[in-house]
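Accompanying notes for the structure given below.
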Amino acid sequence: MQNPQCWIGVVSREHVMRGVEGGFIQLNHGKRAPLQRLQAGDRVALYSPREAYPDGAPLQAFTAIGEVVSGEVYQVEMAPDFKPYRVDVRFLPCEEASIRPLIEDLSFIRDKTHWGAAFRFGYVRVPEADFLLIAQAMRASFDAGAALPKQAPRVSALRA
């Protein structure tokens with residue numbers, strides 16, 4: 001297995017909490033392509049620009065963090081006309097952390113004035129040092145080689 005990569009997904013807090021509860025993530029409104037880049041063991045932090053999509057109150061905080069379980073991409077039916085793709089994630093206990101105090105120290109944010117542009121594609125691969133800084137701000141015990149806690153298996157009814 002290659003070295004795990006570190007990622008940030010951009011998802012409203014409301015949708016993040018659904019994913020944490022179910023042990024999965026969806027990116028870019030359920031598209032398959034961004035999830036296909038994730039491999040088992042990759043680390044992912046979720047950044048929530050808003051509390052809810054599309055018009056929730058501004059939040060600008062990291063809201064969840066964890067590790068990709070298998071990297072298997074699968075599709076579910078949430079409505080007849082909405083069948084998003086997901087990847088299972090084992091989430092760590094954490095606290096939300098505002099991005100504002102971190103902006104100056106995050107190397108993947110090149111333009112500190114227009115820092116939101118770093119998230120424009122809905123997900124971004126980041127250096128491990130940036131990821132660990134975010135994990136520290138979230139008070140998540142996620143250091144190099146850290147074992148993640150066991151998570152209850154998802155209910156099979158969540159899969160389509």
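The values are calculated or read from the model by the stated rules, or taken from the named source; none is laboratory data. Everything numeric here is computed off the predicted structure, so don't read it as measured data. FYI the Cβ positions are ideal-geometry reconstructions off the backbone, even for glycines, and counts take in every protein chain you see.
Name the residue that is modelled with the lowest pLDDT, counting only residues in the range 99-121 that are under 14 Å from residue 48 (Cα atoms) and among the charged types (D, E, K, R).
120
Hey, can you tell me all the residues within the range 95-116 that are β-branched (Val, Ile, Thr) and either assigned to a helix (DSSP H, G or I) or free of Cβ contacts under 8 Å to residues at least 24 places away in the same chain (or both)?
103, 109, 113
Mind checking which residues of the range 23-50 are among the aliphatic types (A, V, I, L, M) and more than 20 Å from residue 62 (Cβ to Cβ)?
Matches in the range 23-50: 33, 40.
Could you list, in sequence order, the residues of the range 25-68 that are acidic (Asp, Glu) and out of contact with any strand residue (DSSP E or B) (no Cβ under 6 Å at 6 or more places or on another chain)?
The one that is acidic (Asp, Glu) and out of contact with any strand residue (DSSP E or B) (no Cβ under 6 Å at 6 or more places or on another chain): 55.
What are the residues in the range 11-42 that are over 18 Å from residue 78 (Cβ atoms), part of a helix (DSSP H, G or I) and among the small types (Gly, Ala, Ser), if any?
33
Name the single residue that is surrounded by the most Cβ atoms within 10 Å (Cβ to Cβ) among those in the range 1-21 being modelled with pLDDT of 95 or more and over 19 Å from residue 121 (Cα atoms).
19
Against the definition (without any contact (Cβ under 8 Å) to a residue 24 or more places away in the chain and either part of a helix (DSSP H, G or I) or touching a Phe, Trp or Tyr at 6+ places or on another chain (Cβ under 7 Å) (or both)), how does residue 65 come out, yes or no?
no
Can you tell me which residue in the range 4-36 is farthest from residue 85 (Cα to Cα), limited to those that are basic (Lys, Arg) and touching a residue at least 24 places away in the same chain (Cβ under 8 Å)?
If we take residues in the range 4-36 being basic (Lys, Arg) and touching a residue at least 24 places away in the same chain (Cβ under 8 Å), then 13 is farthest from residue 85 (Cα to Cα).
Could you list all residues from the range 22-55 that are surrounded by 15 or more Cβ atoms within 10 Å (Cβ to Cβ) and of a type in the set (Gly, Ala, Ser)?
Scanning the range 22-55 gives 22, 23, 30, 41, 45, 48.
Working only within the range 69-91, note down all residues that are without any contact (Cβ under 8 Å) to a residue 60 or more places away in the chain, under 20 Å from residue 128 (Cβ atoms) and in contact with a strand residue (DSSP E or B) (Cβ under 6 Å, 6 or more places away or on another chain).
69 - this is the single residue of the range 69-91 that is without any contact (Cβ under 8 Å) to a residue 60 or more places away in the chain, under 20 Å from residue 128 (Cβ atoms) and in contact with a strand residue (DSSP E or B) (Cβ under 6 Å, 6 or more places away or on another chain).
Take the residues of the range 54-87 that are in contact with a helix residue (DSSP H, G or I) (Cβ under 6 Å, 6 or more places away or on another chain) and of a type in the set (Ser, Thr, Tyr): which is nearest to residue 140 (Cα to Cα)?
Per the stated criteria, the residue is 63.
Could you look through the range 56-71, keep only residues that are among the polar types (S, T, N, Q) and modelled with pLDDT of 95 or more, and pick out the one that is surrounded by the fewest Cβ atoms within 10 Å (Cβ to Cβ)?
In this case the residue turns out to be 60.
Identify the single condition in (1) surrounded by 18 or more Cβ atoms within 10 Å (Cβ to Cβ); (2) over 16 Å from residue 5 (Cα atoms); (3) among the basic types (Lys, Arg) that residue 83 does not satisfy, given that it satisfies every other one.
Checking residue 83 against (1) surrounded by 18 or more Cβ atoms within 10 Å (Cβ to Cβ); (2) over 16 Å from residue 5 (Cα atoms); (3) among the basic types (Lys, Arg), the one that fails is (1).
State all residues of the range 74-94 that are charged (D, E, K, R) and outside any loop (DSSP other than H, G, I, E, B); if no residue qualifies, say none.
Across the range 74-94, the qualifying residues are 86, 88, 90.
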